[in-house]
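**Q** Dumping the structure here so I can ask a few things about it.
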Amino acid sequence: MSLFKNKLPILLSVCILMLTLIAACGNNPGHDTPANTEKKEAEQAADQGSIKIGVFHDISGPGALPASMMLKGSKVAVQMINDEGGVNGRSVELVVEDDAGRPENAARIVEKLASNEEIVFLSGGNNSSIAAAADPVARKMNIPFMVISGAGYEPKGKDSDLLVASTINFITGGESFIKFALEQGWKRGATLNPTDVTGQLIESFMDGWIKQYKDQGLEIVARERYDSKALDVTPQLSKIKEQKPDFIMSYGIGETAAIVIRQSQQVGLKVPIGISGANAFPAFLNLIKDVPDGQVFTYSDKIMIWKDLPDSDPHKKFLEKYYLTFKKLYPDDEPSLTHSAGADSILIGLAAVKQVGADREKIRKYLSQGNQNIQAVQSTYNFTADDRWGYSDDTIVTITNKQGKWKLP
């Protein structure tokens, strides 16, 4: 016992020394503990700087309203991601340019943005002419391009896998309204479309829809056109009225669409009117506030009716998060389909960055392989080399005007 007592101070000293060494090893920055690994990764991410996304829109030109909405959506998407710590520890930043609605500007801007090696992908092209001008430059510069045009612009040919569409196209939306009309028993339809690009696209598909849905009873009894700058379309509406249609399809945008709706009431043509999803935002209803409820229909994603979705809907929680972030940034505004297109162009690209890093070629390949299950505002996306739209079958909902709001029918 006395021997143990004599050795006790020595044993204590040895134990203290060993504990000190262990603690020193644990605090050694070079020691590969989970805490230090996480710290290293954070430091490396910080050293790499932010992830930059090149964005171009018609901020000051004729398409400024939808462009401003798309840009808001993109900013909300960035805020959501940065609130969660960024992508792989890196914050996200937008580099924004104004193409003023001019195709030649868009081509020049794409080359400028793509020349910046810090920019990992592009978002823009909010109408078909801008998208068409930007497309070949993006391909030449070998940079992924998230196209926001909903006017049926579809990338094809060599290197088309560099392009991804991040919105519901007008053609899919138009067909969804025909299906909805037939479900309601409305079989005699009429069209009143502008002579612009959008109207031409819808009319070009109409013959195919007539053949496709003939067996279900679809009959188009009148097809009229009008100048998108016209202030009076009552002559065309009067001709349509004579044919006694069950419904009308009219694909003007903004005030152009509102003129058709208001004047249809004036001539006594009080049948349902299906319009472009580009009008699926709350402020549009101010243009037709005297039109009876349930008279106007359009297609949309689920963002404007997310509160009405059942809790079992797998998309509802994500939509709630997006909605709350949107209201935090823009408390006096309400999210819409147009905002969603801008948001999804960012979320799709960043989902790829999260999986494969900020390498342009790897992003391109990732967005062509399928089975990505990218959750965003409009849809859960899966892109392949043959499908550059990628949205799921349950993306589109039909909505109508009710008490000054867009609601489910």
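**Q** For S123, which sequence-distant residues (separation of 5 or more, or a different chain) have an amide H within less than 5 Å of its own amide H, given hydrogens modelled in the peptide plane?
**A** Counting only residues 5 or more places away or on other chains, the set is G54, V55, F56, M146.
**Q** Can you tell me the dipole magnitude for segment 256-319 around its Cα centre, using point charges on the Cβ only (Lys, Arg +1; Asp, Glu -1), in Debye to the nearest 20?
**A** My answer is approximately 100 debye.
**Q** If I compute solvent accessible area with a 1.4 Å probe over the protein chains, what percent of it on segment 256-318 is carbon and sulfur?
**A** Ligands and nucleic acids excluded, carbon and sulfur give 51 percent.
**Q** Using the Cα centre of segment 114-239 as the reference point, and only Cβ charges (+1 on K/R, -1 on D/E), how large is the resulting charge dipole? Debye, rounded to the nearest 20.
**A** Using Cβ point charges on Lys, Arg, Asp and Glu, segment 114-239 gives about 380 debye.
**Q** If you roll a 1.4 angstrom probe over the protein chains with everything in place, what fraction of the accessible area of segment 368-409 belongs to carbon and sulfur, to the nearest %?
**A** For segment 368-409, the apolar C and S fraction of the accessible surface comes to 41 percent.
**Q** Right, next: Let me understand segment 259-384 better: what is its radius of gyration from the alpha carbons, and its Dmax, in angstrom?
**A** Over segment 259-384's Cα set, Rg and Dmax evaluate to 18.4, 59 Å.
**Q** Still on this model: Rounded to the nearest 20 debye, what is the charge dipole size of segment 221-262 about its Cα centre when +1 sits on each Lys and Arg Cβ and -1 on each Asp and Glu Cβ?
**A** Working: 7 positive and 6 negative charges, 18 e Å.
That gives segment 221-262 a dipole magnitude of about 80 debye.
**Q** Turning to a different aspect of this structure: Any idea what log10 I(q)/I(0) is at q = 0.09, 0.12, 0.20 Å⁻¹ for segment 98-256, Debye with uniform C-alpha scatterers and no solvent?
**A** After summing over all Cα pairs, the log10 values are -0.39, -0.63, -1.16.
**Q** Sticking with this one: How far is the Cα center of segment 124-200 from the Cα center of segment 94-117, in Å?
**A** Spelled out, the Cα-based centre of one part sits 21 Å from the other.
**Q** Could you tell me the distance between the Cα centroids of segment 224-261 and segment 360-379, to the nearest Å?
**A** Comparing the Cα centres of segment 224-261 and segment 360-379, I get a distance of 40 Å.
**Q** Per 10 Å bin from zero, what fraction in whole % of the C-alpha pairs of the chain is there, up to the bin with the longest pair?
**A** 5, 20, 27, 21, 11, 5, 3, 3, 2, 1, 1, 0
**Q** Taking amide H atoms as placed 1.01 Å from N in the peptide plane, list the residues 5 or more away in sequence, or in a different chain, whose amide H sits under 5 Å from that of D387.
**A** The list, which skips near neighbours in sequence, is empty: none.
**Q** Would you report the distance distribution of C-alpha pairs in segment 192-283 as whole percents per 10 angstrom bin, up to the bin with the largest distance?
**A** 16, 50, 30, 3
**Q** Which one, L337, N82, W186, projects farthest toward the positive side of the charge dipole computed for the chain from Cβ point charges (K/R +1, D/E -1)?
**A** N82
**Q** Let me ask something else about it. Calculate one ³J(HN,Hα) per residue across segment 124-134 by plugging θ = phi - 60° into the Karplus curve 6.51 cos²θ - 1.76 cosθ + 1.60, and present them in order as whole Hz with x for glycine and proline.
**A** Result, ordered by residue: x, x, 7, 8, 5, 5, 5, 4, 5, 6, 6 Hz.
**Q** Same structure, new question: Over segment 303-409, average the accessible area per residue using a 1.4 Å probe and give it in Å², no decimals. Walk me through the intermediate numbers first.
**A** Details: 4900 Å² over 107 residues.
Per residue, segment 303-409 has 46 Å² of solvent-accessible surface.
**Q** Given H placed 1.01 Å from N in the peptide plane, which residues other than close sequence neighbours of Y226 have an amide H under 5 Å from its amide H?
**A** N193, T195
**Q** Rounded to the nearest 500, what is the chain's calculated 222 nm mean residue ellipticity when only DSSP H runs of at least 4 contribute -39500 (n - 2.57) each, over all residues?
**A** Mean residue ellipticity at 222 nm (helix-derived): -14500 deg cm²/dmol.
**Q** Run the count for segment 277-394, please: Lys pairs, Cα-Cα under 24 angstrom, 8 or more apart or on different chains.
**A** Lysine pair count for segment 277-394: 21.
**Q** In nm², what is the average projected area of the convex hull enclosing the Cα atoms of segment 225-279?
**A** Mean projected area for segment 225-279: 3.4 nm², to one decimal.
**Q** So, taking all protein chains as they sit and a 1.4 Å probe, how much accessible area belongs to D161, in Å² rounded to tens?
**A** The accessible area comes out at roughly 40 Å².
**Q** Something else about it: Taking a quarter of the surface of the Cα convex hull of segment 103-153, what do you get in nm²? If you can, show how the numbers build up before the last one.
**A** Working: hull surface 11.6 nm².
Its average projected convex-hull area is 2.9 nm².
**Q** Please report the antiparallel percentage of DSSP beta bridges with both residues in the chain, rounded to the nearest 5.
**A** Approximately 25 percent, going by the DSSP bridge assignments.
The values are calculated or read from the model by the stated rules, or taken from the named source; none is laboratory data. Just so you know, these numbers come straight off a predicted model, no measurement behind them. Because the Cβ atoms are built from the backbone with ideal geometry, glycine has one as well, and the counts that use them run over all protein chains shown. Please note that ligands, DNA and RNA were not included when accessible areas were found on the heavy atoms of the full protein model with its side chains. Shrake-Rupley method; radii C 1.70, N 1.55, O 1.52, S 1.80 Å.
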